[in-house]
Amino acid sequence: FEILNLNMKPGNTLKVKGKISPDAVRFSINLGCSSKDLALHFNPRFNESVIVCNSKSSNVWEREHRDGHFSFFRGCTVKFLIEMLTDKFRVKLPDGHEVYFPNRHSYHKINYMSIMGDFKITSFKL
């Protein structure tokens, strides 16, 4: 799933709803300018029970941020809220826990979104 004209700005909240596949290993929600330049790579990994967040510049991954609060379950329908603030992103998980990740590239507009892996999107709203 890919969108190339998202037009997300600081103060906007993206709501993503979907179903995690019953045999999920991992999935990712990616926000940025393109697949090679990502401001936020949000990546729950079931095999490690960790959420990995990262950014990518000119197709090169940067330093990972790992959050051990893992509240995802295979086969469940979930809703995320991703808020773009001026200097960071706030991801609100289904259980209310929040993950913060810095806006390392100081983007003022996000045009690109992709959702990959073991997650079937059912709706999204900006």
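Overview of results
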| read-out | value |
| --- | --- |
| Distance between modelled label sites at HIS97 and THR77, nm, 7 Å Cα→Cβ extension | 2.3 |
| With eigenvalues of the C-alpha gyration tensor scaled by 5 and rooted, the chain, Å | 21, 16, 14 |
| In order through region 110-120: 3J(HN,Hα) via Karplus (6.51 cos²θ - 1.76 cosθ + 1.60), integer Hz, x for Gly, Pro | 10, 9, 10, 9, 9, 10, 10, x, 8, 9, 10 |
| Average Cα contact separation per residue, the chain, under 8 Å, 6 or more apart, as relative contact order % | 40 |
| Carbon and sulfur %, accessible surface of the chain computed with the full protein complex present, 1.4 Å | 49 |
| Length gained when the stretch ASP23-GLU2 is fully extended (0.36 nm per residue, less Cα-Cα span) | 5.3 nm |
| VAL50 paired with ILE121, simple spin-label distance in nm, labels 7 Å along Cα-to-beta-carbon | 2.7 |
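The values are calculated or read from the model by the stated rules, or taken from the named source; none is laboratory data. Predicted model, so just to flag it, every value in this text is computed and none were measured. Quick reminder, even Gly has a Cβ in these numbers, built from the backbone with ideal geometry, and neighbours come from all protein chains shown. Calculation scope for accessible area: heavy atoms of the full protein, side chains included, ligands and nucleic acids excluded. Shrake-Rupley method; radii C 1.70, N 1.55, O 1.52, S 1.80 Å.
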